[in-house]
Amino acid sequence: MNQRSRTQHVGITAVSIFAIIAGLGEVVVGFTGNYLGILSQDVRPSISTAVVGAFYSLGGLSLLTRKKWGAVLGILFISAEILGRVYLVVADIAPSKGEDAVKIVIGGAIALAVILYVWSQWKAFD
């Protein structure tokens with residue numbers, strides 16, 4: 001395995017683990033209303049929030065396969081997480097104004113960056 005290939009695998013593994021952890025954090029928010037005090041105000045516990053987080057974690061797990069089908073599944077799951085964030089705001093489960101709304105947008109942008117990274121590393125998947 002050459003150095004470039006090793007670096008690609010490390011990057012894919014890193015974003016996979018990030019997606020899994022971030023998704024688990026969202027699942028906890030879904031059940032508790034907050035996680036580690038990240039939100040300035042608690043949101044009401046909601047199974048919808050937990051499902052959105054599960055999409056993120058499933059995306060990360062799919063990416064760990066390092067297979068093209070896993071990359072496609074990962075992109076689909078993480079895309080569902082982004083759409084789920086939009087749903088949570090529209091359904092008034094998550095805040096649409098203030099500091100926490102900005103955090104929701106930033107989290108969605110990070111998820112989009114994960115998708116773009118995976119797409120840019122398509123050749124690294126078997």
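A few remarks follow.
- Label assignment, log10 I(q)/I(0) by the Debye sum over Cα atoms at q = 0.16, 0.18, 0.19, 0.22 Å⁻¹ derived from the structure, set [x] -0.95, -1.05, -1.09, -1.19; [y] -0.72, -0.86, -0.93, -1.16; [z] -0.65, -0.85, -0.96, -1.37: [y]
- Between 80, 111, 101, the residue with the greatest mean-square fluctuation in the GNM of the chain (Cα pairs under 10 Å linked by springs) is 101.
- Reach of residue 68 by Cα under 13 Å, taken over aspartates and glutamates that are not fewer than 8 positions away in the same chain: 126
- On the beta carbon distance between residue 106 and residue 68, with R0 = 30 Å, the FRET formula returns roughly 0.55.
- Theoretical ellipticity at 222 nm over the chain - DSSP helices of four or more residues, -39500 (n - 2.57) apiece, nearest 500: -26000 deg cm²/dmol
- Choice from 93, 17, 106 showing the highest fluctuation, given a GNM over the chain with Cα pairs closer than 10 Å: 106
- In range of the label at residue 96: residues from segment 64-85 whose backbone nitrogen is under 16 Å from the point 7 Å along Cα→Cβ: 84-85
- Charging the Cβ of each Asp and Glu at -1 and of each Lys and Arg at +1, and nothing else, the dipole of segment 1-112 about its Cα centre rounds to 600 debye.
- Positive-end residue of 49, 69, 18, charge dipole of the chain with Cβ unit charges: 69
- Highest-MSF residue in the chain out of 30, 74, 59 [GNM, Cα springs under 10 Å]: 30
Just so you know, all these numbers are worked out from the coordinates, no wet-lab data involved. Quick caveat: nothing in here was measured; it's all calculated off a predicted structure. With ideal geometry, Cβ positions are generated from the backbone for all residues, glycine too; neighbour counts draw on all protein chains shown.
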